[in-house]
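Each remark here refers to the structure printed beneath this line.
The values are calculated or read from the model by the stated rules, or taken from the named source; none is laboratory data. Everything numeric in this text was worked out from a predicted model, so none of it was measured. All Cβ positions, glycine included, derive from the backbone under ideal geometry; neighbour counts span all protein chains shown.
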Amino acid sequence: MTKKDKKQQQQIDLDKCETLEHLQPAPKARSKSITEVDNQKFIAPPPQREFDDVKSFEAYIRDETWDNEFDYCHARLRYYPPFVLKECHDDLDKIKPTMNSNNSKFKRHLHQHIEKHLMHDMEKASGFKMDFHKMGVEELPTGTTWKYADEGLHGFSKEEEDEYDRHWKIELKVTCNNENAMVDVDYIAIPTFV
């Protein structure tokens, strides 16, 4: 992939992302990842991709939808949230040392960013409905983790999901630490067998 191709891939206009209207059968290559033991199906974990900016992360989610792999992907994002960059005027040396999980204002802003921007943009990029439910907040001395899950129908009918055997769940974990303003996002979509 040339530099020009990489640059084009990172440019994403969320308002022009196509929506996924109908499901299709899972890719044939997926069958290599599925193991059956005592009439129970198990699937190997999807390959993990790592990103350091939100646009590349969203482009990956969009591309997985276009490749019909939206229900079998794992992405990690490590980045400074936009509200942090805005406050320091995009100069990372000016980030206040108090911007971390020990700061309640930072956590409040991060929580709002997750629910009002990150999840919304991920849904637009994916092209299907994501209905995340908060599974809990884990507060440790080293940081805070918000856990979300979507085990719904993703905007498709039950009959359509049954027809193509395309049932999947999405898990999202967002973690901030007590040392700096860096945030870790762990997104995983994995098929479930009904």
TODO: Run Met122 past the list (1) part of a helix (DSSP H, G or I); (2) farther than 22 Å from Arg78 by Cα and report the number of the one that doesn't hold.
DONE: (2)
Open item on the list: With the structure loaded, tell me whether Leu172 is more than 21 Å from Met99 (Cα to Cα) and under 13 Å from the mean Cα position of the chain (by Cα) or whether it fails that test.
Closed with: yes
TODO: Identify, by number, the condition in (1) touching a strand residue (DSSP E or B) at 6+ places or on another chain (Cβ under 7 Å); (2) of a type outside the set (Ser, Thr, Tyr); (3) surrounded by fewer than 17 Cβ atoms within 10 Å (Cβ to Cβ) that Lys158 doesn't meet.
DONE: (1)
TODO: For the stretch 141-186, name all the residues that are in contact with a Lys or Arg (Cβ under 9 Å, 6 or more places away or on another chain), among the acidic types (Asp, Glu) and not in a strand (DSSP E or B).
DONE: Glu151, Glu160
TODO: Working only within the stretch 93-106, note down all residues that are without any contact (Cβ under 8 Å) to a residue 24 or more places away in the chain and within 20 Å of Leu118 (Cβ to Cβ).
DONE: Asn103, Ser104, Lys105
- [ ] Out of the residues in the stretch 27-49 that are small (Gly, Ala, Ser) and not in a loop (DSSP other than H, G, I, E, B), state the one that is farthest from Tyr79 (Cα to Cα).
- [x] Ser31
Open item on the list: Can you list residue pairs whose Cβ atoms sit under 8 Å apart, with the first residue in the stretch 122-133 being closer than 20 Å to Ser157 by Cβ and touching a residue at least 24 places away in the same chain (Cβ under 8 Å) and the second being part of a loop (DSSP other than H, G, I, E, B) and charged (D, E, K, R)? Count only pairs 6 or more apart in sequence or on different chains.
Closed with: Gly127/Glu18
- [ ] Determine whether Glu138 is at pLDDT 95 or above, under 20 Å from Arg49 (Cβ atoms) and not in a helix (DSSP H, G or I).
- [x] no
Open item on the list: I need a count of the residues in the stretch 71-113 that are part of a helix (DSSP H, G or I) and not acidic (Asp, Glu).
Closed with: 17
- [ ] Could you give me the residue pairs with C-beta distances under 6 Å whose first residue belongs to the stretch 170-194 and is in contact (Cβ under 8 Å) with a residue 40 or more places away in the chain, whose second residue is buried (at least 17 other Cβ atoms within 10 Å of the Cβ) and of a type in the set (Gly, Ala, Ser) wherever it lies, and which are 6+ apart or on separate chains?
- [x] Ile170/Ala189; Cys176/Ser101; Cys176/Gly143; Asn177/Ser101; Asn177/Gly143; Asn178/Ser101; Asn178/Gly143; Tyr187/Ala75
Task: Members of the stretch 114-150 that are charged (D, E, K, R), surrounded by 14 or more Cβ atoms within 10 Å (Cβ to Cβ) and in contact with a strand residue (DSSP E or B) (Cβ under 6 Å, 6 or more places away or on another chain) - done: Asp131, Lys147, Asp150
- [ ] Hey, can you tell me all the residues within the stretch 50-70 that are part of a strand (DSSP E or B) and touching a helix residue (DSSP H, G or I) at 6+ places or on another chain (Cβ under 9 Å)?
- [x] Phe51
